[in-house]
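Structure first, then comments.
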Amino acid sequence: MKLIFALVFISLCLSFLPSLIARGAYHSSLPSGFTDYSYANSSRRLLEYKQAQSSVVDITRGYMTNSDLERAMKAFVQKCSNISRIYSIGKSVYGFPLWVIEISDKPGVEEAEPAFKFIGNVHGDEPVGRELLMLLSNWICDNHMKNPLARLIVENVHLHILPSMNPDGFSLRRRGNANNIDLNRDFPDQFFPVNDDVGARQPETRAIMSWLRKIQFTASASLHGGALVANYPWDGTEDKRRNYYACPDDQTFRYMASVYSRSHRNMYLSKEFQGGITNGAAWYPIYGAMQDWNYIHGYCFELTLEISDNKWPNAKELPILWEYNKMSMLNLVASLVKAGVHGRIFSSDTGRPLPGSIIIKGINHTVKAGRVFADYHRPLVQGERYEVIASAPQYKSKTTHIWLGEEAMTVDFILDPEVTTEGNNLLRSVCDCTYGSKSRFAFVEFLWRDHLEVYFVLIVILTSLCFLLKRRLKSNLMKHRQSPKRSVMI
Ligand SMILES: [Zn+2]
């Protein structure tokens, strides 16, 4: 009897062991301010995937067709017209519009706010992203009046969602587009002259590239399938060898990737990737990747997210996959507001916004300020000291030291114009064109001799105008500060 009892006891202990290990290994260490969504008792794999060869009809069942997706997007912007709009960034090879939903309290209106983009279905046979992006859009629409995270995103971010970058690949049920080109290898590469022929580039790739010329995105994420990991630049190495190849913002990217993986139900538990994140080149180097191009040429911090082990899971699993990824997606977008350094750059002489740039000392990467409001948004790791340098052509640069605590910080810069000898010459030449040397002399004499009092009045008026301009500039700066941040004016 004792022996049977002991055997039952041992077998019970053994059956609990794997879950005990999983629970022990998991600890959520999300930065403060982010919503934790940890599940202590989760395993890495979603479900036991049956690897049985499904027929084509089976795998697409329950997924939206391209026409279904288009209808769903149009229905969405009708349902949610107060906070969204739809627009197309181009067409696929087969002529299918690449529709984008923009979600914001002022969709289509330029504001001094960061912009984030989600791109799904880059690879035609990875359709989970396009489904989750519609679920995300609808969730934000349904909750932005009652959920603080949804409200924060709607009020402070312009969120652009392209559910399918590769509708042709989806309809053909294959990775590449209609020309069978892998779109995540079709961008110009920093190390090798691949894809430098503009004429040979795919229409979907060209659409993304011109999209980034029109809208300045602070950060983005493309959604893939086939693994469970948040991947960050660089994707390629200079010598084509597989090893960790850090980009200048390695720390920042590790932080952003961790926001995703730690907010995910089980990405963080990965046995393959420590913390559920990986440098692209350390995993396997690729060339012509979208994320590297975004960071270098679009000034946009892009992650490549592998969101399900199975590329084309049964559609019944989509609600589960949505629940697993929901907080990750929301927290990643919200991190643009909750973290980093933000602000605007102004000219001290006219008070107008200066679309200059921001550099962090020690990080060889420039962040451009917006063209209209000269607002900049610079993701950074919290809890560190930084030296922030603002510059603009024909203006003197300014530097300030900041301590980025747990919250985001607003630092506005007012730059003084550079007085150059070229400028003086230009002024003189303008004068010379207007007056001959004799008449110029007569004009000066006229002012000094007979109208000294006019001169005095003019000085008084100019001084008062300068004073008023400075006051207005200060009140403008106060107005544009965003509430959840510490503010400094430099
Ligand atoms: Zn992919």
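Here are some notes:
- Gyration tensor (alpha-carbon) shape descriptor, the range 224-311, a/c threshold 1.5: prolate
- Peptides 135-143, 365-373, 157-165, ordered by how many other C-beta atoms sit within 10 Å of their residues on average, highest first, read 157-165, 135-143, 365-373.
- For the range 212-367, the relative contact order comes to 32 percent (Cα pairs under 8 Å, sequence separation of at least 6).
- Packing here is the average count of other Cβ atoms within 10 Å per residue, and on that basis the peptides 125-134, 244-253, highest first, run 125-134, 244-253.
- Portion, in percent, of the accessible area of the range 295-396 that falls on carbon or sulfur, probe 1.4 Å: 51
- A Förster distance of 51 Å, applied to the separation of the beta-carbon atoms of K91 and E406, puts the FRET efficiency at 0.70.
- Additional length obtainable on full extension of the chain from H365 to D239, 0.36 nm per residue less Cα span: 43.2 nm
- T399 contributes about 70 Å² of solvent-accessible surface, heavy atoms of the protein only, 1.4 Å probe.
- A simple spin-label model places pseudo-atoms 7 Å from Cα toward Cβ; at R174 and I320 they are separated by 3.1 nm.
- Accessible area in square angstrom per residue, the range 243-352, 1.4 angstrom probe: 29
- Computed from the C-beta positions of E384 and N143, the FRET efficiency with R₀ = 25 Å rounds to 0.15.
- With a cut-off of 19 Å on the backbone N, the residues of the range 348-366 near the modelled label site 7 Å out from V419 along Cα-Cβ are 348-351.
- Summary value for the range 301-379: 24 percent relative contact order, contacts being C-alpha pairs under 8 angstrom separated by 6+ residues.
- FRET E, pair R213, K271, Förster distance 45 Å, beta-carbon r, rounded to 0.05: 0.65
The values are calculated or read from the model by the stated rules, or taken from the named source; none is laboratory data. This one's a predicted model, so the numbers in the text were calculated from it and none came from an experiment. Glycine also receives a Cβ, built like all others from the backbone with ideal geometry; neighbour counts cover every protein chain displayed. With ligands, DNA and RNA removed, areas are computed over all heavy atoms of the protein, side chains included. Shrake-Rupley method; radii C 1.70, N 1.55, O 1.52, S 1.80 Å.
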